[in-house]
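Here is the structure we will look at.
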Amino acid sequence: MICYIEIYGCQMNVHDGEILSGILQSAGHTVVKDVHAAEAVFVVTCAVREHAETRALGRITHLAGIPEKRPVMVLCGCVAQEHGEKLLKKIKLLDLVVGPDVYHLLPELLQERRRIAVTDQGSEDYEQVTAVREQFPRSFVTVMRGCNNYCTYCIVPRVRGRERSRQAELILKEVKSLVEEGYREVTLLGQNVNSYSSDGVRFPELLQRVSDTAGDSCRVRFVTSNPRDLTEKLARVMSSRENICNQFHLPAQSGNDRVLKAMNRGYTRHSYLEKVAMLREMMPDIVVSTDMIAGFPGETTEEFEDSVSLLEEVRYDYAFLFRYSERTGTAALNIEPSVPVKERLRRLSILQELQTGITLEKSKQTIGRKMTVLVTGPAKRAGQTASRTMGNRLVILETQNYSPGELVPVEIVKADGYTHFGEPCS
């Protein structure tokens with residue numbers, strides 16, 4: 001069967017798409033990038049925010065009508081896990097609804113041709129699956145799945161299940177294989193990598209061992225971290241290893257202590273700021289990014305101003321900013337009073353305008369600096385090449401003389417906030 005996969009959401013979903021492709025191909029199916037040729041269409045969904053869920057569900061009708069003959073329509077991922085059989089009743093075009101822990105059943109389900117929802121949760125880690133990777137020279141390695149934090153706004157524990165960490169030796173074996181295949185960057189994935197624990201190995205030790213395995217030819221990143229679990233030991237491992245990228249995504253979510261407590265985040269503004277200061281003291285050139293929610297239930301205007309002031313004080317290189325989104329099954333639904341959607345959007349626009357200016361300022365500070373970039377492939381504009389710094393900044397080269405995987409010394413000559421332009425130098 002000819003299959004097409006479309007992915008929404010986080011890097012975990014991107015890697016799940018690679019696992020899904022591996023499962024299908026090992027069963028004799030063909031995965032293509034042209035939906036017009038598809039006999040089966042798979043949509044891998046994200047349920048963290050309402051907009052992402054609505055967008056993915058809306059794509060079902062559109063995608064089902066593209067091939068000449070209507071394909072088998074399969075909804076995968078977190079939305080599938082959240083709503084299950086209800087989706088079959090709601091969306092008549094859907095044939096299969098499959099949760100993140102049961103992708104291994106897809107070849108059988110496709111063969112049976114039953115209209116069914118399968119959303120069993122378990123301890124599946126897909127160790128026996130060879131993922132079909134799509135982003136050479138960069139790769140993803142899952143170190144853990146699920147989450148135990150139960151932040152009151154977050155649906156992840158419900159749709160991804162409890163935390164389960166992979167064995168360190170299996171992770172190192174996968175990293176070693178990727179390095180031998182020529183991959184130049186590995187990103188360790190987990191809902192909260194800092195809480196990784198397997199057979200007495202915690203995340204700082206795992207990161208150190210991955211760094212050793214990756215060696216001089218491969219960069220190492222990781223995502224995502226709960227600030228509560230960021231330790232000095234982890235920061236020291238990062239600062240002592242040249243192949244560990246100087247980038248840290250540290251979601252704050254709010255700058256107000258009462259709101260943070262209502263979110264069940266497990267840290268205060270003061271302790272958060274201490275950890276940012278620790279990272280910057282150990283790694284002065286580190287790129288720090290965050291997530292922030294505007295309009296969490298019960299958030300007053302004054303409490304929102306604490307989030308504004310946190311952006312101003314920390315001055316993040318990047319920030320992913322969202323209005324609060326109601327998610328069924330989360331504790332935040334019971335928190336009163338609800339902030340009107342119009343007010344959430346107003347607050348969000350304030351954060352966005354502020355952060356846009358900060359990001360531009362931080363970006364322009366790179367002009368004139370020399371750094372080594374990893375070539376990732378052709379840029380969107382013809383004749384250009386895309387690359388990434390150790391801090392994960394996008395750098396465009398005005399040439400196509402380099403191949404994916406090459407490391408190129410450049411000087412940054414122009415920057416507009418999210419895109420930088422570099423000229424090769426010695």
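The values are calculated or read from the model by the stated rules, or taken from the named source; none is laboratory data. Just so you know, these numbers come straight off a predicted model, no measurement behind them. Using ideal geometry, Cβ is built from the backbone for each residue, glycine included, and neighbour counts are taken over all protein chains shown.
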- Message: Testing R327 on (1) under 29 Å from D416 (Cβ atoms); (2) modelled with pLDDT under 95, one condition comes back false. Which one is that?
- Response: (1)
- Limited to the range 132-182, what total is found for residues that are in a helix (DSSP H, G or I) and not charged (D, E, K, R)? 11
- Message: For the range 177-192, give me the residue count where each residue is under 10 Å from the mean Cα position of the chain (by Cα) and closer than 16 Å to V375 by Cβ.
- Response: 0
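Quick one: would you say G190 is surrounded by fewer than 20 Cβ atoms within 10 Å (Cβ to Cβ) and among the small types (G, A, S)? Steps first, answer last, please.
Working: surrounded by fewer than 20 Cβ atoms within 10 Å (Cβ to Cβ): no; among the small types (G, A, S): yes.
Criteria not met by G190.
Table: residues versus (1) among the aliphatic types (A, V, I, L, M); (2) touching a Gly at 6+ places or on another chain (Cβ under 7 Å); (3) closer than 17 Å to G9 by Cα; (4) surrounded by fewer than 21 Cβ atoms within 10 Å (Cβ to Cβ).
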residue	(1), (2), (3), (4)
D34	no, no, no, yes
I66	yes, no, no, yes
K69	no, no, no, yes
V79	yes, no, yes, no
L94	yes, no, no, no
L109	yes, no, no, yes
- Message: I'd like the full set of residues that are over 18 Å from A332 (Cβ atoms) and in contact (Cβ under 8 Å) with a residue 24 or more places away in the chain, limited to the range 251-283.
- Response: R269, S271, Y272, L273, K275, V276, M278, L279, M282, M283
- Message: For the range 124-182, which positions are farther than 20 Å from T224 by Cβ and of a type in the set (D, E)?
- Response: E124, E127, E134, E169, E180, E181
- Looking at (1) charged (D, E, K, R); (2) touching a Ser or Thr at 6+ places or on another chain (Cβ under 8 Å); (3) not in a strand (DSSP E or B), which is the one condition that is false for R221? (3)
- Note on the structure: In the range 205-262, residues that are under 21 Å from the mean Cα position of the chain (by Cα) and basic (K, R) total 3
- Item | Unique match (being in contact with a His (Cβ under 9 Å, 6 or more places away or on another chain), of a type in the set (S, T, Y) and surrounded by 14 or more Cβ atoms within 10 Å (Cβ to Cβ)) among T130, T152, T142 | T142
- Task: Hey, can you tell me all the residues within the range 275-311 that are within 26 Å of T152 (Cα to Cα), surrounded by 14 or more Cβ atoms within 10 Å (Cβ to Cβ) and of a type in the set (D, E, K, R)?
- Result: K275, D291, E299, E303, E305, D306
- Query: Going by the conditions given, is S211 assigned by TED's automatic domain parsing to the domain that holds L250, free of Cβ contacts under 8 Å to residues at least 12 places away in the same chain and hydroxyl-bearing (S, T, Y)?
  - Reply: no
